[in-house]
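Derivation of every value follows stated rules applied to the coordinates shown; laboratory data play no part. Fair warning: this is a prediction, and the values are worked out from it, not measured in the lab. Neighbour counts are summed over all protein chains in view; Cβ atoms, including those assigned to glycine, are modelled from backbone coordinates with ideal geometry.
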Amino acid sequence: MAKEQGEDFQLVLTRFVLERLLYRLGRSEFRDQFVLKGAMLFSLWGGTPHRTTRDIDLLGFGESAVAGLVHVFRDICLTRVEEDGVTFLPDSVSGIEIREDQEYDGVRITLEARLGKALVPVQADIGFGDAITPAADYAEYPTTLNFPAPYLRIYPRETVVAEKFQAMVYLGMANSRMKDFYDLRIMGKAFSFEGEILAKAIEATFTRRKTALPDALPLALTAEFSEDAGKQTQWRAFIKRNQLAPADLSLPTVIAEIREFLQPPIDAAVRGEAFDFNWPPGGPWRRVSGQG
């Protein structure tokens, strides 16, 4: 399969194992305690991942202590499912606290899975306390091979956009998360959005993360940021490392597209006004028929 798709075998192997872990999560008693977020969502939304990922990102509810989550994931490893060739090793599960760019805490769970003779490392990063707008729905996750599909709660696109944008505002010039810029451009090109829902998601995320909504163009969307030599170096390295297309896609181009996508709903959220516009894939914003 990896040869057929021209993909790195180890990445294909990891993706398959992550899918089977999600399947066990969806079949376990802990299904309602987690919501899938992060890069794996793009496979669900678009059929193929636009960039590779080696881990699972989750929003957790309930148990947040490291020891408790280690116990949860050991139980998930032991969940009885149809034979799929993967054995998750409960004794390999360990966890640590993660404290990175943001003020809120998270937990990183690591474990190992056996597939044939291969031992595959698995990582799950779990955050807590974020606002989800609109509410998370259940969805069937697409599988690499013909095995039963995971069924679990997933993040709405609007909150994915809101969280990535909040990180941009919060971090300013210190931001090295080039994946967020790439992801937001892809989302604006590939998906439609209801402006009112997106504006509410942005407002809810900024409120929950105690970040002021920007009443002027945020630094991350300015020429000062996009034309900074250091940022352009980070951008080119990100594109090359992930073998993303087009290879000559420039940071100023990406940020200009994000600005067109996000500035109108941000302005509406700042003013506390209704934003009765819809965004078709690729834009631009269009007033909802019959409004105004």
Taking a ≥ b ≥ c as the square roots of the eigenvalues of the Cα gyration tensor, with a/c under 1.5 meaning rounded and otherwise prolate when a/b exceeds b/c and oblate if not, the range 231-289 is prolate
Return one number: the angle in degrees, 0 to 90 and rounded to the nearest 10, between the long axis of the Cα atoms of helix 157-171 and the longest principal axis of the Cα atoms of the chain.
-> 70
If one compares the long axis through the Cα atoms of helix 9-27 with the longest principal axis of the Cα atoms of the chain, the angle in degrees, nearest 10, works out at 80
To the nearest 10 degrees, how steeply does helix 66-77 sit against the main Cα axis of the chain, on a 0 to 90 scale?
-> 60
Mean shadow area of the range 158-287 over all directions, Cα convex hull, nm² | 7.2
The answer for trypsin sites (Lys or Arg not before Pro) in the range 169-259 that fall in a DSSP coil and have at most 15 neighbouring Cβ atoms within 10 Å is Lys210
For the chain, go through all pairs of different Cα atoms, get the mean of 1/r, take its inverse, and jot down that Kirkwood value in Å.
-> 20.3
Can you check what the net charge comes to around Tyr138, using other residues whose Cβ is under 10 Å from the Cβ of Tyr138 (Lys, Arg +1; Asp, Glu -1)?
-> -1
Report the equivalent ellipsoid semi-axes for the range 2-155 in whole Å, largest first, defined as the square roots of five times the eigenvalues of the gyration tensor built from alpha carbon atoms.
-> 23, 19, 15
Compute the signed sum of charges (Lys and Arg +1, Asp and Glu -1) over the other residues within less than 14 Å, Cβ to Cβ, of Thr233.
-> +2
In nm, give the distance between the simple-model label positions of Val66 and Gln243, each being 7 Å from the Cα along the Cα-to-Cβ direction.
-> 3.5
Measuring from centroid to centroid over Cα atoms, what is the spacing of the range 169-229 and the range 139-160 in Å?
-> 25
Sorted by packing (mean other beta-carbon atoms within 10 Å per residue), highest first, where do 86-98, 158-170 land?
-> 158-170, 86-98
12 Å beta-carbon shell around Arg271, net charge (K/R +1, D/E -1) | -4
With each pseudo-label sitting 7 Å past Cα toward Cβ, what's the Lys179-Lys117 distance in nm, one decimal?
-> 3.1
